[in-house]
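S.K.: Just dropping this structure here.
The values are calculated or read from the model by the stated rules, or taken from the named source; none is laboratory data. Because the structure is predicted, anything quoted here is derived from the model rather than measured. Here the Cβ is made from the backbone with ideal geometry for all residues, glycine too, and neighbour counts use every protein chain on show. When the accessible area is computed, the model is the full protein with side chains, heavy atoms only, and any ligands, DNA or RNA have been set aside. Shrake-Rupley method; radii C 1.70, N 1.55, O 1.52, S 1.80 Å.
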Amino acid sequence: MILNKITLRDIPLFSGITEDELPGLNALLKPSIRYATEGEFLTYPGDIIKEIGILLDGKIHMVSEDFWGNQNIIAEFTKGSFFGEAHSISGDPMFFSLISVEQTTLLFLNTQRILNSSVHNDTGIQKLYDNLLSAIIQKKLNYMRKADILSRRSLREKVSAFLSEEYRKQSSSSFTIPYDRQQMADYLSVDRSALSRELSKMKKEGILEYRHNQFQLKSM
């Protein structure tokens with residue numbers, strides 16, 4: 001049985017689902033486990049997908065790429081998070097790529113089986129459906145936050161907004177971001193060298209301290 005309490009522990013999409021409900025979910029959803037190696041592309045622009053992918057382990061980046069190969073990180077997925085819900089529901093082609101950043105273990109569920117109203121008398125499916133809806137709403141809010149960061153005009157404003165958001169998320173002025181310097185530049189859609197120079201300026205001004213991906217914000 002692929003869906004079991006140990007495998008699904010700490011995965012928000014299965015929150016509230018009891019061990020007794022898992023056999024029914026296995027039978028209805030017919031899940032599958034797949035593995036991806038570091039640097040492997042899971043999807044390309046134009047692909048049609050029919051499943052939601054859930055990370056049991058590892059890390060995946062959602063990236064867009066222009067004609068010259070310049071990449072922009074749209075989102076990062078880590079253990080417990082999922083992707084593919086919007087495109088598998090709508091049937092629209094993917095307009096970005098999904099790349100495994102490290103060795104990754106994935107659980108795939110057929111989206112239409114979750115949405116099929118004829119099985120909503122099953123309590124496990126109903127809980128999964130409700131969790132999916134809540135998670136989609138939260139993702140929408142996260143993308144709105146990123147859009148706010150990228151809408152800032154200057155590099156300083158983008159960096160400040162990004163670090164302030166991490167401060168709010170982690171409830172601490174000392175925190176670790178999930179990106180290295182190149183990935184942070186890709187996320188902010190800026191040049192890496194320019195980003196490094198701006199961070200150095202902010203450090204000299206006493207606004208922050210940093211080492212690699214660890215940051216400490218300071219009051220002025």
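S.K.: Using the structure shown, decide if Ala36 is open to solvent by 40 Å² or more (accessible area, probe 1.4 Å) and aliphatic (A, V, I, L, M).
M.R.: no
S.K.: Within the group Gln183, Gln138, Gln126, Gln112, which residue is at pLDDT below 90 and closer than 23 Å to Tyr210 by Cβ?
M.R.: Residue meeting the stated conditions: Gln183.
Okay, residues lined up against (1) touching a helix residue (DSSP H, G or I) at 6+ places or on another chain (Cβ under 7 Å); (2) among the acidic types (Asp, Glu); (3) assigned to a helix (DSSP H, G or I); (4) touching a residue at least 60 places away in the same chain (Cβ under 8 Å):
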residue: Met144; (1), (2), (3), (4): no, no, yes, no
residue: Ala147; (1), (2), (3), (4): no, no, yes, no
residue: Arg152; (1), (2), (3), (4): yes, no, no, no
residue: Lys158; (1), (2), (3), (4): yes, no, yes, no
residue: Ala161; (1), (2), (3), (4): yes, no, yes, no
residue: Tyr167; (1), (2), (3), (4): no, no, yes, no
residue: Tyr179; (1), (2), (3), (4): yes, no, no, yes
residue: Tyr187; (1), (2), (3), (4): no, no, yes, yes
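S.K.: Restricting to region 173-191, name every residue that is of a type in the set (Ser, Thr, Tyr) and surrounded by 18 or more Cβ atoms within 10 Å (Cβ to Cβ).
M.R.: Tyr187 - this is the single residue of region 173-191 that is of a type in the set (Ser, Thr, Tyr) and surrounded by 18 or more Cβ atoms within 10 Å (Cβ to Cβ).
S.K.: Does Leu132 meet the test of being open to solvent by 60 Å² or more (accessible area, probe 1.4 Å), among the aliphatic types (A, V, I, L, M) and within 30 Å of Gly16 (Cα to Cα)?
M.R.: No; evaluated as a whole, the condition is false for this residue.
S.K.: Looking at region 192-209, I want the residues that are open to solvent by 30 Å² or more (accessible area, probe 1.4 Å) and have a partner that is acidic (Asp, Glu) and not in a helix (DSSP H, G or I) with Cβ atoms under 7 Å, at least 6 apart or on another chain. Which pairs are those?
M.R.: Lys203/Glu209
S.K.: Looking at region 76-100, which of the residues that are of a type in the set (A, V, I, L, M) and touching a Phe, Trp or Tyr at 6+ places or on another chain (Cβ under 9 Å) is surrounded by the fewest Cβ atoms within 10 Å (Cβ to Cβ)?
M.R.: Initial filter on region 76-100 (of a type in the set (A, V, I, L, M)): 86, 89, 94, 98-99.
Cutting the leftovers down to touching a Phe, Trp or Tyr at 6+ places or on another chain (Cβ under 9 Å) gives us 94, 98-99.
On the way: Met94: 19, Leu98: 23, Ile99: 21.
Restricting to residues being of a type in the set (A, V, I, L, M) and touching a Phe, Trp or Tyr at 6+ places or on another chain (Cβ under 9 Å), the top hit is Met94.
S.K.: Still on this model: Of the conditions (1) surrounded by 13 or more Cβ atoms within 10 Å (Cβ to Cβ); (2) in contact with a Pro (Cβ under 8 Å, 6 or more places away or on another chain), Pro45 fails just one. Which one is it?
M.R.: Unmet condition: (1).
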